[in-house]
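Working notes, structure below.
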Amino acid sequence: MEEPSKDTFVTKELDGKRVLVTGGTKGGMGEAIVNRLTHAGATVITTARNTPDELTDSDLFIQADISTPDGTTKIVENILERFDGVDILINNVGGSSTPTGGVLKQTDAGWQQTFETNLFAAVRLDRGLLPPMLKQGYGVIIHVTSIQRRFPGENTMAYSAAKAALANYSKALATELAPKGIRVNSVAPGFTETKAAGRLIERIAQERGYDYSDARQALMDSLGGIPIGRTARPEEVAELIAFLVSDRASYIVGAEHTIDGGIVRTI
Ligand SMILES: NC(=O)c1ccc[n+]([C@@H]2O[C@H](COP(=O)([O-])OP(=O)(O)OC[C@H]3O[C@@H](n4cnc5c(N)ncnc54)[C@H](OP(=O)(O)O)[C@@H]3O)[C@@H](O)[C@H]2O)c1
């Protein structure tokens, strides 16, 4: 019998694992994570509000808005019924759509929606998908936070606060679940050039009469510069997550992993 190559051990290390990645469409980190974990041999289910036109496997997609209890209930019921649970849960969806202009522009509804999307969605999905993980004594949960949870954005205070709450919750969950065989960690990306970030750069370029690279530089400068000299690619964040969910990271529990090219200067 032919010896498997060294590469086979790494690329197929998630063979047989069932994974849910929230927000795996539209060319962001979610999609990169879906691709990376699928490449590693996992069965990867994803979810978004809009059903993509080109779905490679419609059985692995659940349409739902995870910022509502109905949406997370739909996902949990669907997964329990069809897959009997998941081994790995990546809470990737997050974001901010609150207005700029300071604290007085922030409404109750905006604060609430930001917390629903960035915190409560993860709380509800974790709680719904934990029972089978506890039963099998194995599971991995990742929460995608942001460097903004330590480095609040000028115009994104609700988002920064919600991500800080998510990081805090993630730590408490990790402590509770580690003795039961479930590892929980979080990942805090910096400025990652997703398709959506690309559209933001284009908008800034148009508004200020810059070319694309000047607009990107202006955004990098607004963060105090990026020591490594460039933005992150979604695939780089996906690579970190692929490591963290694998058994290569078997002793990593309750840690937040910053991946930001050096933006956050504090230790
Ligand atoms: N990009 C950055 O620079 C950056 C930096 C730090 C942290 N982060 C964090 O990293 C994570 C991923 O960000 P990303 O920018 O790469 O985005 P992304 O992974 O591309 O996320 C967008 C995906 O989420 C889905 N989605 C959005 N809202 C949803 C909802 N309410 N219910 C269900 N699905 C929803 C979108 O589909 P639909 O629109 O069809 O629902 C799409 O599939 C987020 O938690 C974000 O806060 C991003």
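The values are calculated or read from the model by the stated rules, or taken from the named source; none is laboratory data. In this text the structure is predicted, and so the values were computed from the model without any measurement. Cβ placement follows ideal geometry from the backbone for every residue including glycine, while neighbour counts extend to all protein chains displayed. When the accessible area is computed, the model is the full protein with side chains, heavy atoms only, and any ligands, DNA or RNA have been set aside. Shrake-Rupley method; radii C 1.70, N 1.55, O 1.52, S 1.80 Å.
Observations
- Residues in region 19-37 that are on the phi > 0 side of the Ramachandran plot and open to solvent by 30 Å² or more (accessible area, probe 1.4 Å): LYS26 alone.
- Inclusion of GLY153 among residues that are open to solvent by less than 50 Å² (accessible area, probe 1.4 Å) and in the same structural domain as LEU14 (by TED's automatic domain parsing) is warranted.
- Test: residue in region 254-264 that is within 11 Å of the ligand (Cβ to nearest atom), of a type outside the set (A, V, I, L, M, F, W, C) and not in a loop (DSSP other than H, G, I, E, B): yes
- The number of residues in region 172-193 that are among the hydrophobic types (A, V, I, L, M, F, W, C), in contact with a Lys or Arg (Cβ under 9 Å, 6 or more places away or on another chain) and more than 10 Å from the ligand (Cβ to nearest atom) comes to 3.
- Of the residues ASP70, ASP87, ASP53, ASP57, the single one that is touching a residue at least 60 places away in the same chain (Cβ under 8 Å) and among the charged types (D, E, K, R) is ASP87.
- Meets criteria (near the ligand (Cβ under 10 Å from one of its atoms), open to solvent by 40 Å² or more (accessible area, probe 1.4 Å) and either in contact (Cβ under 8 Å) with a residue 40 or more places away in the chain or in a loop (DSSP other than H, G, I, E, B) (or both)) for ALA196: yes
- There is no residue in region 127-140 that is modelled with pLDDT of 95 or more and within 13 Å of the ligand (Cβ to nearest atom).
- Output for region 67-126, where each listed residue is more than 28 Å from VAL44 (Cα to Cα) and of a type in the set (Phe, Trp, Tyr): TRP111
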